[in-house]
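Enquirer: Once you've had a glance at the structure underneath, I'll fire off some questions.
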Amino acid sequence: MKQIVSFNIARLRVEEDFGFLKLIATETDNLPKNGEEDRPGELSMTASVPTTLTTSVTTFKNAVDAFDNALKDSASTPSTALAAEADSARDNAWRGANNYLKAMTAHPANDVRQTAIEAKTLFDKYGDPTTLPQTEESGVLHNLLQDLKAIDGSKLTAITFDTWLANLESCETAFLAAVSQRTEEEAARQVGIVKETRQAADNAYRSLVELVNALTIVNDEAPYATFIDHVNAIIDRQKTVLKTRQTKSRKEEKPVRSEERRVGKECRSRWS
């Protein structure tokens, strides 16, 4: 059974995400449409086209267009475009730090595990701020950073979380600096629109993918095969780009990871 593969588009940069969604919007022309004549020798595809598919495609295309317009508006103000990228960077910084702590809560060394749990509890307390309007996100990150820095610094250093904490704080500071290049109200409005339209477009993409995958299960997959194959090809190319970027990032962070291994050895030594 053909299915569109899973892909976390939240990992994409702002302009990168728009480019990806725009390609998918073009591929929706390969989906069956009501009123479309069947080609000779093929099974009828139009008789069973549900209105939910037509609605989903329309919603998705409209959301991508709104995202496009928001990006065009923000492009007229360089500081707003910088703020949008800085906003995306702090979102990724939060996700990275949260995922790192989640993994460390299963560390075999009790002292490391307890420190990770203590810090992770704070992340859970405030929840995921990356889906909030940018002003609310700043408020949540401010409180989270304050609480994290209240933890004994030596404990955070022992689990190598100090690097993640510094990165999160740096990304938040960079965002605030980018916003302040213009009047805070105008920059916040522009960045907020970009973020909101991106989230709406991303959600519309996810809904369309879920619907198409469901239709291939309950109906014949043939009408959706071309769309699925093309979308999966686009996803594969994008995954390759992300993997290459991640590999490059790991090489740049090699000195940091060497320190992590040293700390890990010390932890295992204390545990044994």
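Enquirer: Apply the a/c threshold of 1.5 to the C-alpha gyration tensor of region 63-106 and tell me whether it is rounded, prolate or oblate.
Expert: It comes out oblate by the Cα gyration axes.
Enquirer: Tell me, what ³J(HN,Hα) does each residue in region 151-160 have, in order and in whole Hz, if you take phi through Karplus 6.51 cos²θ - 1.76 cosθ + 1.60 with θ = phi - 60° and put x for Gly and Pro?
Expert: Those phi angles translate into 6, 3, x, 5, 5, 5, 5, 4, 9, 6 Hz.
Enquirer: Fully extended, how many nm does the chain gain between Leu23 and Arg237 (0.36 nm per residue separation, minus their Cα-Cα distance)?
Expert: 75.9 nm
Enquirer: Oh, and also: Label point 7 Å out from Gln199 along Cα-to-Cβ: which residues of region 82-126 have amide N under 20 Å?
Expert: It comes to 82-99, 123-126, nothing else.
Enquirer: Let me ask something else about it. What shape does region 108-167 have by the C-alpha gyration tensor, where a ≥ b ≥ c are the square roots of the eigenvalues, rounded means a/c under 1.5, and otherwise prolate means a/b greater than b/c and oblate the rest?
Expert: Prolate is the answer for region 108-167, as a/c is 1.5 or above and a/b outweighs b/c.
Enquirer: State which entries of Lys22/Lys239; Lys22/Lys102; Lys120/Lys149; Lys102/Lys149; Lys72/Lys243; Lys120/Lys155 exceed 22 angstrom in Cα-Cα distance in the structure shown. Spell out each step's value before the answer.
Expert: Working: Lys22/Lys239 16 Å; Lys22/Lys102 34 Å; Lys120/Lys149 13 Å; Lys102/Lys149 18 Å; Lys72/Lys243 29 Å; Lys120/Lys155 13 Å.
Where the Cα-Cα span goes over 22 Å, the pairs concerned are Lys22/Lys102; Lys72/Lys243.
Enquirer: Report, in debye and to the nearest 20, how large the dipole of region 111-233 comes out about its Cα centre when Lys and Arg carry +1 and Asp and Glu carry -1 on their Cβ.
Expert: Dipole about the Cα centre, nearest 20: 160 debye.
Enquirer: How long is the gain from Arg95 to Arg206 if the chain were fully straight, where each residue apart is worth 0.36 nm and the alpha carbon distance is subtracted?
Expert: Full extension from Arg95 to Arg206 adds 38.0 nm.
Enquirer: Between the alpha-carbon centers of region 78-116 and region 1-34, tell me the distance in whole angstrom.
Expert: Cα centres, region 78-116 to region 1-34: 27 Å.
Enquirer: Let me ask you something else. Using θ = phi - 60° and the Karplus form 6.51 cos²θ - 1.76 cosθ + 1.60, what ³J(HN,Hα) does each residue of region 113-130 get, whole Hz, x for Gly and Pro?
Expert: For region 113-130, the Karplus-derived couplings read 4, 5, 5, 4, 5, 4, 6, 5, 4, 5, 4, 5, 4, 8, x, 7, x, 5 Hz, x marking Gly and Pro.
Enquirer: Right, next: Please give the length that would be gained between Glu85 and Asn69 if that part of the chain were fully extended, namely 0.36 nm times their separation in residues minus their C-alpha to C-alpha distance (nm, one decimal).
Expert: 4.1 nm
Enquirer: Per residue, how large is the accessible surface of region 100-225? Use a 1.4 angstrom probe and give square angstrom. Show your work: numbers first, answer last.
Expert: Working: 5960 Å² over 126 residues.
For region 100-225, the solvent-accessible area averages 47 Å² per residue.
The values are calculated or read from the model by the stated rules, or taken from the named source; none is laboratory data. These figures come from a predicted structure and were not determined experimentally. We place every Cβ from the backbone using ideal geometry, glycine too, and count neighbours over all the protein chains shown. Surface areas here come from the heavy atoms of the whole protein model, side chains and all, with no ligands, DNA or RNA. Shrake-Rupley method; radii C 1.70, N 1.55, O 1.52, S 1.80 Å.
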